[in-house]
Amino acid sequence: MNILKVFLLLIAGGAALIGTALSEHVHSPRWKVKTLEDAFVVSSQVVPTSIAEQDALPAPTVGEQVTRLPSERTVYEVTAQLIQIKKEFDGDYHLVLEDPATKLKMVAEIPDTNALEPLPYREDFARARQKIDAAIGRPGLFAEHPSGKRMVEITGIGFFDEPHILTPDGMAPNGREIHPVLHIKLM
């Protein structure tokens, strides 16, 4: 772990001790897109995809990063290995997915059900988190690696996350994620 990560962890830990919630995303101009608070209606049509297909999508330019992009209007289903999990400072479950054949990685996140996410999806988020909790255990703030080669089928909305000061583990080079995860099937 590099010195900057240790420093940020100490700050976050201190904030948690005094009851202050930290989130690097709260002031993001894309927060409403990321959390479905932008009045987007989720389609019942699910499109099968792969990490390679998501990784091949062109990253948005800075001017495109405020509103929902066309490729962020699709519900995708991706099957991959779950190689890492942790709970983010904003309460989301951060899942690192890896394609076993190509070794490409991407992030999928299950939002915090106590956050301000839209009510219609809280039950979906809660069920997905319960499946993780039951199969692997509740994740902590430090990355955990599930034992064995755990395959998962993730269903959720495609999303381009904005660049971070510290690149999260497993982040695709183009910032592509499945966020929010609506359903998860552990295989």
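Here, each number is a calculation from the coordinates, and none is a lab measurement. All figures in this text were calculated on a predicted structure; none of them were measured in a lab. Note: ideal-geometry Cβ built from the backbone for every residue, glycine included; neighbour counts use all protein chains shown.
Annotation: peptides 174-182, 142-150, ranked by per-residue average of other Cβ atoms within 10 Å with the highest first, follow the order 174-182, 142-150.
Multiply the residue gap between Ala39 and Ala59 by 0.36 nm, knock off their C-alpha separation, and tell me the result in nm, one decimal place. Numbers along the way, then the final one.
Working: separation 20, 0.36 × 20 = 7.20 nm, distance 2.30 nm.
Extra length available between Ala39 and Ala59 comes to 4.9 nm.
Counting only the Cα atoms, segment 25-186 fills a convex hull of 107 Å³ per residue.
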